[in-house]
Amino acid sequence: MPAQNITVGVGSNITRLKTKDNMTNIADRISIMELINLYAHYADRRQAGNQSQLFAKNAVVNVYQGEPDTHKPIQVLQGRQELKNAFGGLKDYDLTTHINGQTSLTINGDKATGETYCVAHHLKTENGQRTLTIMYIRYYDTFVKEDNNWLFSERKLIIDWTDSRPSNP
């Protein structure tokens with residue numbers, strides 16, 4: 001049976017998609033969203049090894065305090081081992097909770113790009129004082145599909161702002 005066409009869009013932005021192509025795109029979007037959410041899950045569960053496996057072998061993570069167009073990275077990590085070591089640093093916190101917000105994705109075959117918003121909570125106790133640091137983060141991501149699995153090939157972690165304060169249980 002030939003693929004059926006469906007129409008999406010409004011006004012002059014109408015696009016005709018073949019149903020089969022649309023289903024592939026939907027499956028890819030779901031897979032990429034699962035990848036993004038697993039990153040946060042493994043961070044919060046302190047599973048640095050699993051977290052690093054979400055990246056292509058020679059992936060790069062650049063950390064910025066401000067927009068990459070106007071700021072230089074404050075940290076650059078390359079390759080799974082460097083990523084694993086850096087992710088292991090989350091063990092310094094008593095607890096973390098990463099809450100992912102909206103994500104926009106553009107998929108082009110076996111490559112994709114996206115932007116995800118995240119609010120990351122970090123609890124730490126030092127000298128008997130518990131502190132809550134909340135980071136407002138955006139990720140600019142480049143993804144690659146290898147062996148039918150989506151992976152991060154580049155991640156720009158942009159810290160828009162942070163708020164630290166004493167926290168009472």
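The values are calculated or read from the model by the stated rules, or taken from the named source; none is laboratory data. From a predicted model like this one, the values you see are computed outputs, not experimental measurements. Methodologically, a virtual Cβ is constructed for each residue, glycine included, from the backbone with ideal geometry; neighbour enumeration extends over all protein chains shown.
With respect to being in contact with a helix residue (DSSP H, G or I) (Cβ under 9 Å, 6 or more places away or on another chain), β-branched (Val, Ile, Thr), farther than 15 Å from residue 155 by Cβ and surrounded by fewer than 18 Cβ atoms within 10 Å (Cβ to Cβ), residue 99 fits the description.
The numbered conditions (1) among the charged types (D, E, K, R); (2) closer than 13 Å to residue 160 by Cβ; (3) in contact with a helix residue (DSSP H, G or I) (Cβ under 9 Å, 6 or more places away or on another chain) are all true for residue 115 except (3). Scanning region 117-169 for residues that are closer than 20 Å to residue 89 by Cβ and among the aromatic types (Phe, Trp, Tyr) yields a count of 3. Any residue in region 73-87 that is free of Cβ contacts under 8 Å to residues at least 40 places away in the same chain and within 12 Å of residue 59 (Cβ to Cβ) sitting within a Cβ distance under 8 Å of a residue that is surrounded by fewer than 16 Cβ atoms within 10 Å (Cβ to Cβ) and of a type in the set (Gly, Ala, Ser)? List the pairs, counting only those 6 or more apart or interchain. Pairs that qualify, where the first residue is free of Cβ contacts under 8 Å to residues at least 40 places away in the same chain and within 12 Å of residue 59 (Cβ to Cβ) and the partner is surrounded by fewer than 16 Cβ atoms within 10 Å (Cβ to Cβ) and of a type in the set (Gly, Ala, Ser), are 84/49. Applying the condition of being under 17 Å from the mean Cα position of the chain (by Cα) and hydroxyl-bearing (Ser, Thr, Tyr) to region 111-169 and asking which residue is nearest to residue 53 (Cα to Cα) yields 153.
Taking residues in region 136-163 that are closer than 24 Å to residue 28 by Cβ and at pLDDT below 95, and partners anywhere that are of a type in the set (Gly, Ala, Ser) and crowded, with 20+ Cβ neighbours inside 10 Å, not one pair has Cβ atoms closer than 7 Å while being at least 6 places apart or on different chains. Take the residues of region 105-116 that are in contact with a Ser or Thr (Cβ under 8 Å, 6 or more places away or on another chain) and free of Cβ contacts under 8 Å to residues at least 60 places away in the same chain: which is surrounded by the fewest Cβ atoms within 10 Å (Cβ to Cβ)? Result: 106.
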